[in-house]
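Some notes on the structure that comes next.
The values are calculated or read from the model by the stated rules, or taken from the named source; none is laboratory data. What you are looking at is a predicted structure, and each value in this text was computed from that prediction instead of being measured. When we count neighbours, we look across all protein chains shown, and the Cβ atoms used for this are built from the backbone with ideal geometry, even at glycine.
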Amino acid sequence: MKKKNRKILYEGKAKILYKGQEPNTIVQYFKDHATAFNNKKFAIIKGKGALNNNISAFLMEKLISIDIPTHFIKKINSREQLVYQVEIIPIEFVVRNTAAGSICKRLNLKEGELLPRTLIEYYYKCDELNDPMISEEHITAFNWANLSELKIIYNMSIQINNFLIKLFSNVGIKVIDFKLEFGRLTKNNKHTLVLADELSPDNFRLWDSKTNKKLDKDVFREDLGNITDAYYEVAQKLGIIK
Ligand code: UDP
């Protein structure tokens with residue numbers, strides 16, 4: 001199908017989702033757009049889309065290799081990947097190992113302080129409301145997910161965290177925190193919960209293990225330098241780019 005004839009299903013801040021050629025598939029197109037503070041800060045950063053596509057495809061494949069179910073099918077080209085269409089659960093699951101970002105302000109913690117244990121927080125996906133933090137109570141009361149789904153997601157998130165901590169630590173990077181999204185996949189009349197969306201430095205905080213140099217979207221949020229250089233360094237350290 002010619003690219004311009006493709007049907008746009010959804011356009012977000014960093015990606016466009018097109019209907020895939022096969023039934024129940026979607027093409028995720030990674031844009032060069034960078035946004036922060038709920039769209040208040042915005043820029044087009046050449047090369048960011050391709051880097052995020054590469055990093056996300058690489059990490060999804062690694063997680064598939066340890067039997068984490070995901071929506072990922074394959075990388076199509078430098079900016080696009082094919083994924084299964086899923087019913088997205090409207091929650092951002094934030095996994096935190098070290099204090100940074102919003103938790104520092106909320107609980108008066110020092111950036112870089114190791115948390116007593118890994119924390120998983122829930123945020124309701126709603127730009128209009130600035131993605132408010134919510135609890136299990138809200139999730140089950142409003143039927144965004146049920147308790148057994150939450151338990152599966154919690155276990156998967158911990159497994160993903162343990163795996164990624166090791167993977168990144170082997171290449172000299174600390175996983176500070178990250179955001180995950182999950183969806184319901186229906187295949188051959190069977191329903192499974194799968195990891196969805198993307199895994200890129202847009203959704204992670206990653207620090208150099210030795211120097212604590214930031215290699216993620218905080219470079220853009222805090223004007224710390226060139227964001228493409230930081231993402232490139234992550235890709236290079238992971239061995240994705242030579
Ligand atoms: N995050 C994200 N999307 C969001 C909010 C947060 O990907 O809409 C990621 C963010 O990049 C960080 C983690 O989730 O790795 C925790 O973010 P935090 O709650 O500290 O919010 P922030 O400081 O990013 O506003």
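Among the candidates LYS62, LYS105, which residue alone is among the basic types (Lys, Arg) and closer than 24 Å to ILE165 by Cβ? Give the derivation first.
On the way: LYS105 fails: closer than 24 Å to ILE165 by Cβ.
One residue alone meets the criteria, LYS62.
Tell me, please, whether a residue that is touching a Ser or Thr at 6+ places or on another chain (Cβ under 9 Å) and farther than 24 Å from GLN85 by Cβ can be found in region 139-152. For region 139-152, residues touching a Ser or Thr at 6+ places or on another chain (Cβ under 9 Å) and farther than 24 Å from GLN85 by Cβ: present. The single residue among VAL194, VAL219 that is more than 13 Å from the ligand (Cβ to nearest atom), of a type outside the set (Lys, Arg) and touching a Phe, Trp or Tyr at 6+ places or on another chain (Cβ under 9 Å) turns out to be VAL194. Within region 1-17, the set of residues being under 25 Å from ASN39 (Cα atoms), modelled with pLDDT under 95 and outside any loop (DSSP other than H, G, I, E, B) is empty.
So, of the residues in region 1-34 that are among the hydrophobic types (A, V, I, L, M, F, W, C) and in contact with a helix residue (DSSP H, G or I) (Cβ under 9 Å, 6 or more places away or on another chain), which turns out to be surrounded by the most Cβ atoms within 10 Å (Cβ to Cβ)? This residue is PHE30. Taken as a whole, the structure places ASN54 among residues that are within 20 Å of TYR84 (Cα to Cα), surrounded by 17 or more Cβ atoms within 10 Å (Cβ to Cβ) and out of contact with any Leu (no Cβ under 8 Å at 6 or more places or on another chain). For residues in region 107-153 being within 16 Å of the ligand (Cβ to nearest atom), charged (D, E, K, R) and without any contact (Cβ under 8 Å) to a residue 12 or more places away in the chain, which is nearest to TRP207 (Cα to Cα)? Ranking the candidates gives LYS110 first. Return the pair list, or none, for Cβ contacts closer than 8 Å from residues in region 211-237 that are touching a residue at least 60 places away in the same chain (Cβ under 8 Å) and among the polar types (S, T, N, Q) to residues that are away from the ligand (no atom under 15 Å from the Cβ) and outside any helix (DSSP H, G or I), at least 6 apart or on different chains. From region 211-237, the pairs are THR228/ILE45; THR228/LYS46; THR228/GLY47.
Note on region 61-82: among residues that are farther than 15 Å from LEU193 by Cβ and hydrophobic (A, V, I, L, M, F, W, C), the one that is surrounded by the most Cβ atoms within 10 Å (Cβ to Cβ) is LEU82.
If only residues of region 197-210 that are without any contact (Cβ under 8 Å) to a residue 40 or more places away in the chain and surrounded by fewer than 20 Cβ atoms within 10 Å (Cβ to Cβ) are counted, the one that is farthest from the ligand (Cβ to nearest atom) is LYS210.
Residues in region 168-181 that are of a type in the set (A, V, I, L, M, F, W, C) and more than 14 Å from the ligand (Cβ to nearest atom): VAL171 only. When THR118 is tested against the conditions (1) among the hydroxyl-bearing types (Ser, Thr, Tyr); (2) surrounded by 19 or more Cβ atoms within 10 Å (Cβ to Cβ); (3) touching a helix residue (DSSP H, G or I) at 6+ places or on another chain (Cβ under 7 Å), the lone failure is (2).
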